[in-house]
Amino acid sequence: MKHYFLINPAAGKGKLYRRLDGEIRTFCEGQGVDYEVYYTKGAGDAEDYIRRTCHKNSGELRFYACGGDGTLNEAANGAAGYPNAAVGVIPTGTGNDFVRNFTCRERFFDMGAQIGGRVAGLDLIEYNQRYATTTLNSGFDAEVVKTVLRIKRYPVVPVKAAYFIGALVQLISKPGVKMRVAIDGGEIQEKDLLLVCIGNSAYCGGGFHSGPHAGVADGELDVCFIKNVSRLTFLSLLGSYKDGTYLQRRGIDKIAEYVKCHSLDIDFGEPRSISVDGELVESDRLSVRIKPGALRFCLPAGCEAIEPLPYLP
């Protein structure tokens, strides 16, 4: 078995990668682990590197995305279709939402726990012939990500402040999103929304607990539609949307709709910004499916996926 550490030097504003590099080399050389460290050179490079490596090697391979949710997304797409490849993550990014779905998150930074961990079958979101590990968002959430990506260019702004500023800016501009949507192949519905969040993960946007009933191994999509309500109404919802209690509010059915399903087909009618695992793409349509157990994930020793809260529609 060979272990590959793909370090994104730009992740988390580049604050951790030098120390991480040293920890990886010290542990692996001390324990006689067959390993390689690779520094990614830009968007798409991690995905390409994994594909090239898998194409040339038939043995058991483990790839650790040392970055944020975007780096993990590239690793998952690169390893897709290779049964000898498994993907892990050492979360050094900005949001790191995927690892919030597990117990004992500090063990993702423990080299012994990483190397000694097991491979678990987790779900993937398939969308437009690609994969996502965490969430797809459009509307308010995606516009927040767009603002955060601009703010991240300035290293003096802390990560949490970047998300707060992004949310404040978009609350003022209040972007909406109109769509035609079919859930599990059902009839087409017209929706006028503030945001839509399609989740495999229970978290998005740097810790917003948008999918309180989502689990990364439950074989279902968790979809939250927030209606195009007033700024004041949405502002009153924001705190509970962040901590995952918004569905318990009185009168929530007038503000939000929460659905668990297996497929979703969306027509926006025009190109829209879509946040995919915290990175932006543009599309006028989304064809989304859940792929149970499709991600061979390197789960650190001592970590387990958190069981989602029971869902009663």
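Determine which single condition Asn8 fails, assuming it passes every other condition in (1) touching a strand residue (DSSP E or B) at 6+ places or on another chain (Cβ under 6 Å); (2) surrounded by fewer than 16 Cβ atoms within 10 Å (Cβ to Cβ); (3) within 18 Å of Gly95 (Cβ to Cβ).
The one condition Asn8 does not meet is (2).
How many of the residues making up region 255-276 are buried (at least 18 other Cβ atoms within 10 Å of the Cβ), without any contact (Cβ under 8 Å) to a residue 60 or more places away in the chain and in contact with a Ser or Thr (Cβ under 9 Å, 6 or more places away or on another chain)?
Within region 255-276, residues that are buried (at least 18 other Cβ atoms within 10 Å of the Cβ), without any contact (Cβ under 8 Å) to a residue 60 or more places away in the chain and in contact with a Ser or Thr (Cβ under 9 Å, 6 or more places away or on another chain) number 1.
Do the conditions hold for Pro155, that is, is it touching a Phe, Trp or Tyr at 6+ places or on another chain (Cβ under 8 Å), surrounded by fewer than 21 Cβ atoms within 10 Å (Cβ to Cβ), at pLDDT below 95 and not polar (S, T, N, Q)?
In short, no.
Output the qualifying pairs, or none if there are none: Cβ atoms under 6 angstrom, residues six or more apart or on different chains, first residue in region 277-306 and over 23 Å from Ile266 (Cβ atoms), second residue of a type in the set (Lys, Arg).
Cys298/Arg62; Leu299/Arg118; Pro300/Arg107; Gly302/Arg107; Cys303/Arg107
Could you list, in sequence order, all residues of region 284-313 that are under 17 Å from the mean Cα position of the chain (by Cα), within 30 Å of Glu60 (Cα to Cα) and in a loop (DSSP other than H, G, I, E, B)?
Ile306, the sole residue that qualifies.
With (1) over 13 Å from the mean Cα position of the chain (by Cα); (2) within 14 Å of Phe208 (Cβ to Cβ); (3) β-branched (Val, Ile, Thr) as the list, and Val145 as the residue in question, which single condition is left unmet?
(1)
Would you mind finding the one in Asp97, Asp110 that is touching a Pro at 6+ places or on another chain (Cβ under 8 Å), modelled with pLDDT of 95 or more and crowded, with 16+ Cβ neighbours inside 10 Å?
Asp110
When region 113-145 is examined, which residues are found to be in a helix (DSSP H, G or I) and crowded, with 23+ Cβ neighbours inside 10 Å?
Those that are in a helix (DSSP H, G or I) and crowded, with 23+ Cβ neighbours inside 10 Å: Gln114, Phe140, Asp141, Ala142, Glu143, Val144, Val145.
Hey, any hits in region 273-283 for a residue that's assigned to a loop (DSSP other than H, G, I, E, B), modelled with pLDDT of 95 or more and at positive phi?
Yes, some residue in region 273-283 is assigned to a loop (DSSP other than H, G, I, E, B), modelled with pLDDT of 95 or more and at positive phi.
Answer yes or no as to whether Phe140 is in contact with a Phe, Trp or Tyr (Cβ under 9 Å, 6 or more places away or on another chain) and among the aromatic types (Phe, Trp, Tyr).
yes
Consider region 282-301. How many of its residues are surrounded by fewer than 15 Cβ atoms within 10 Å (Cβ to Cβ) and either touching a Cys at 6+ places or on another chain (Cβ under 9 Å) or hydrophobic (A, V, I, L, M, F, W, C) (or both)?
The qualifying residues number 1.
Could you please let me know if Thr103 is in contact with a Ser or Thr (Cβ under 6 Å, 6 or more places away or on another chain) and within 21 Å of Ala65 (Cβ to Cβ)?
In short, no.
Which of the numbered conditions does Gly81 fail, given that it passes all the others? Conditions: (1) touching a helix residue (DSSP H, G or I) at 6+ places or on another chain (Cβ under 6 Å); (2) surrounded by fewer than 23 Cβ atoms within 10 Å (Cβ to Cβ); (3) not aliphatic (A, V, I, L, M).
(1)
Give all pairs with beta carbons closer than 7 Å in which a residue from region 124-136 that is in contact (Cβ under 8 Å) with a residue 12 or more places away in the chain meets a residue that is of a type in the set (Val, Ile, Thr) and part of a loop (DSSP other than H, G, I, E, B); count only pairs at least 6 apart in sequence or on separate chains.
Between residues of region 124-136 that are in contact (Cβ under 8 Å) with a residue 12 or more places away in the chain and residues that are of a type in the set (Val, Ile, Thr) and part of a loop (DSSP other than H, G, I, E, B), the close pairs are Leu124/Thr133.
Does Asp218 satisfy the criteria of being within 24 Å of Asp184 (Cβ to Cβ), among the acidic types (Asp, Glu) and touching a Pro at 6+ places or on another chain (Cβ under 7 Å)?
yes
Could you list, ordered by first residue, the pairs with Cβ atoms under 6 Å in which the first is in region 54-65 and closer than 18 Å to Tyr39 by Cβ and the second is in a helix (DSSP H, G or I), at least 6 apart or interchain?
Phe63/Ile50; Phe63/Ala75; Ala65/Thr71; Ala65/Leu72; Ala65/Ala75
The values are calculated or read from the model by the stated rules, or taken from the named source; none is laboratory data. Just so we're clear, the structure is a prediction, and the values are computed from it rather than from any experiment. In this analysis, Cβ positions are derived from the backbone assuming ideal geometry, glycine residues included, and neighbour counts consider all displayed protein chains.
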